[in-house]
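Below is one structure, written out as structure tokens; comments come after it.
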Amino acid sequence: DAKTTQPTSMDCAEGRAANLPCNHSTISGNEYVYWYRQIHSQGPQYIIHGLKNNETNEMASLIITEDRKSSTLILPHATLRDTAVYYCTKTGANNLFFGTGTRLTVIP
Amino acid sequence: NAGVTQTPKFRILKIGQSMTLQCTQDMNHNYMYWYRQDPGMGLKLIYYSVGAGITDKGEVPNGYNVSRSTTEDFPLRLELAAPSQTSVYFCASSWGRQETQYFGPGTRLLVL
């Protein structure tokens, strides 16, 4: 079975960069890597996605390795409001496969 | 643009009761999804739809039913509620299979 692996939890000092890793045991050439986050019990919120190339938007940067099995989400200057659970997913047949994610705690 | 809306926000059901969780999106998205999230866990797909009149099972469909008569609405029906269905239910929608999913605020369901 395909498996997505993320650290259970991470801490980051406020103002520093948060680097969240993700590994997929398998990923097809046409499957996108997506990152979402969930603050408290709200609905997950889209952050960024990519196929092959590194991507950047106003929220974060995404680094994808050449074999595409690993990616890193970078929050360049973490704030207290970035404390959340971060999910790395890939687009499957018709849905996203969500694991348990990484609980990021930003420390003042 | 309200995005994805869900009602109710919270509900308590007795074992064996039935209810419908409502989900509406105003983005004209073709794809809609229902997920459940148990405490401390990730989301699991219950059912999804690729367009009006077309639905299919996800990872955990037992005990649930869906219908999609319009593009906007995708209700989830619980028949004979069981304690194992205590969870937070999220509805989502997207343009297409590989596109960003937009999530509603969730419905918290407690079955006693």
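Side notes on the structure shown:
- Test result for A:Ile74, touching a residue at least 40 places away in the same chain (Cβ under 8 Å), within 22 Å of B:Tyr102 (Cα to Cα) and more than 14 Å from chain B (Cβ to nearest Cβ): yes
- Residue match in the stretch A:8-23 (condition: open to solvent by 40 Å² or more (accessible area, probe 1.4 Å), aliphatic (A, V, I, L, M) and part of a loop (DSSP other than H, G, I, E, B)): yes
- Residues located in the stretch A:51-63, provided they are more than 30 Å from B:Ser87 (Cβ to Cβ) and over 11 Å from the mean Cα position of the chain (by Cα): A:Leu51, A:Lys52, A:Asn53, A:Asn54, A:Glu55, A:Thr56, A:Asn57, A:Glu58
- Only one of the listed residues (B:Gly96, B:Gly106) is out of contact with any Pro (no Cβ under 7 Å at 6 or more places or on another chain) and either at positive phi or more than 13 Å from every other protein chain (Cβ to nearest Cβ) (or both). That residue is B:Gly106.
- Strands (runs of 3 or more DSSP E) contained entirely in the stretch B:31-112, each with at least 1 residues that are open to solvent by 30 Å² or more (accessible area, probe 1.4 Å): B:31-37, B:43-51, B:54-57, B:64-66, B:76-78, B:107-111
- Selection within the stretch B:1-18 - surrounded by fewer than 17 Cβ atoms within 10 Å (Cβ to Cβ) and either under 16 Å from B:Gly63 (Cβ atoms) or in contact (Cβ under 8 Å) with a residue 40 or more places away in the chain (or both): B:Gly3, B:Thr5, B:Thr7, B:Pro8, B:Lys9, B:Phe10, B:Ile12, B:Lys14, B:Ile15, B:Gly16, B:Gln17, B:Ser18
- Residue in the stretch A:28-50 that is over 30 Å from B:Thr55 (Cα atoms), open to solvent by less than 60 Å² (accessible area, probe 1.4 Å) and more than 9 Å from chain B (Cβ to nearest Cβ) present: no
- Pair list, Cβ under 9 Å, 6 or more apart: the stretch B:48-72 residue within 12 Å of chain A (Cβ to nearest Cβ), other residue open to solvent by 80 Å² or more (accessible area, probe 1.4 Å) and assigned to a loop (DSSP other than H, G, I, E, B): B:Val50/B:Arg97; B:Glu59/A:Phe97
The values are calculated or read from the model by the stated rules, or taken from the named source; none is laboratory data. Everything numeric in this text was worked out from a predicted model, so none of it was measured. With ideal geometry, Cβ positions are generated from the backbone for all residues, glycine too; neighbour counts draw on all protein chains shown. In case anyone asks, the SASA skips ligands and DNA or RNA and just uses the protein heavy atoms, side chains included. Shrake-Rupley method; radii C 1.70, N 1.55, O 1.52, S 1.80 Å.
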